[in-house]
1. Which one of Arg45, Arg3 is touching a residue at least 12 places away in the same chain (Cβ under 8 Å), more than 9 Å from ligand 1 (Cβ to nearest atom) and more than 26 Å from Val145 (Cβ to Cβ)?
2. Can you tell me how many residues within the stretch 153-187 are outside any strand (DSSP E or B), of a type in the set (D, E, K, R) and at pLDDT 95 or above?
3. Looking only at the stretch 148-185, count every residue that is out of contact with any strand residue (DSSP E or B) (no Cβ under 9 Å at 6 or more places or on another chain) and on the phi > 0 side of the Ramachandran plot and tell me the total.
4. Can you name the residue in the stretch 203-238 that is near ligand 2 (Cβ under 7 Å from one of its atoms), within 19 Å of the chain's Cα centre (by Cα) and among the aliphatic types (A, V, I, L, M) and, of all such residues, is surrounded by the most Cβ atoms within 10 Å (Cβ to Cβ)?
5. Within the stretch 1-53, how many residues turn out to be assigned to a strand (DSSP E or B), away from ligand 2 (no atom under 16 Å from the Cβ), over 15 Å from Ala65 (Cα atoms) and among the basic types (Lys, Arg)?
6. Return a yes/no flag: does the stretch 197-220 have any residue that is touching a residue at least 40 places away in the same chain (Cβ under 8 Å), part of a helix (DSSP H, G or I) and either within 16 Å of ligand 1 (Cβ to nearest atom) or not assigned by TED's automatic domain parsing to the domain that holds Ile48 (or both).
7. Give the stretch 159-179 a look and list any residue that's surrounded by 14 or more Cβ atoms within 10 Å (Cβ to Cβ) and under 21 Å from the mean Cα position of the chain (by Cα), or say none.
Amino acid sequence: MKRELLTVKSNRKLNESVFELVLTGASPMRAGQFAELTAEGFFLRRPISLARYEDGEAVFLIRIAGAGTAKMSLLEAGQTVDALTCLGNGFDVSANAPLLIGGGIGCAPLYQLAREFGAKGVRPVAVLGFRTAAEAYYLDEFAAVADVTVATDDGSLGVRGNALDAVRAANIRFDRYYACGPAVMLRALAVGLGNGQLSLEARMGCGFGACMGCSIKTVSGFKRVCKEGPVFEASEILWE
Ligand SMILES: Cc1cc2nc3c(=O)[nH]c(=O)nc-3n(C[C@H](O)[C@H](O)[C@H](O)COP(=O)(O)OP(=O)(O)OC[C@H]3O[C@@H](n4cnc5c(N)ncnc54)[C@H](O)[C@@H]3O)c2cc1C
Ligand code: FES
């Protein structure tokens, strides 16, 4: 964990609720790791996954969920953000035929993951699920680094249905899957596809292992999403 004062390089709206925040001055981070970003006026920082990292520049894709993220959406170039960076454990980038499965804002960390596979000469398949076409984001960016299938709940873009429906419809061959998205989706993947790597969310207090507030049940006892996770093997998790 590092505490760093990052500078906003840019902040742009990607759709009605998602924005892309580019921060400079960040230490190197890996796909699956996250940062705790301060929202001005709020005591607790907000955990946000790394979406892209390059040469000190960390990109975060953020959905406005409440007052803290709404405040962050107003950040302007040149302002600073007090952040805890390099938090949590990243994905294991060892697959030869990786399948990346994202749901909603959970697609964000999979972009850096696809880039890391690309750096190893492996082009992943990415199945990106959104509620509607209007909620989709980063499709061109993903298309540059992965073979992309899009699914929307209402069929307004790509396959109608959820990400698991799209995986089944496309009959995709893979040796390991990596997923991030709503808990209901992750659980369905664990049941339907067997073991893989899941990036979990939990309400967080400290973000670095001190408060136990983010603990989940696993086959080997309680584990902290912020410290032992947020990436876990699906087979480890005891679903509530
Ligand atoms: C490891 C991790 C990585 C994350 N990565 C991203 C990311 O890349 N992009 C992104 O937009 N969001 C991400 N989140 C979720 C993000 O942290 C929350 O949406 C944010 O903290 C909400 O803050 P707020 O003040 O806007 O909303 P609040 O007013 O705090 O909450 C608004 C609503 O969001 C729900 N909520 C708040 N925190 C969480 C949480 N941690 N998990 C699930 N629901 C929550 C609340 O229950 C409430 O319904 C991540 C969360 C975790 C734990
Ligand atoms: S948020 Fe405090 S231990 Fe995880």
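1. Numbers: Arg45 fails: more than 9 Å from ligand 1 (Cβ to nearest atom).
Of Arg45, Arg3, the one residue that is touching a residue at least 12 places away in the same chain (Cβ under 8 Å), more than 9 Å from ligand 1 (Cβ to nearest atom) and more than 26 Å from Val145 (Cβ to Cβ) is Arg3.
2. Initially, the stretch 153-187 is screened for residues outside any strand (DSSP E or B), giving 153-158, 161-175, 181-187.
Those still in the list that are of a type in the set (D, E, K, R) too: 153-154, 165, 168, 173, 175, 187.
Next cut, at pLDDT 95 or above only: 153-154, 175, 187.
Number satisfying all stated conditions: 4.
3. Adding up the residues that qualify gives 2.
4. Val225
5. Adding up the residues that qualify gives 4.
6. No, the stretch 197-220 contains no residue that is touching a residue at least 40 places away in the same chain (Cβ under 8 Å), part of a helix (DSSP H, G or I) and either within 16 Å of ligand 1 (Cβ to nearest atom) or not assigned by TED's automatic domain parsing to the domain that holds Ile48 (or both).
7. Gly161, Asn162, Ala163, Leu164, Asp165, Ala166, Val167, Phe174, Arg176, Tyr177, Tyr178, Ala179
The values are calculated or read from the model by the stated rules, or taken from the named source; none is laboratory data. In this text the structure is predicted, and so the values were computed from the model without any measurement. Reconstructed Cβ throughout: ideal geometry from the backbone, glycine too, with neighbour counts over all protein chains shown.
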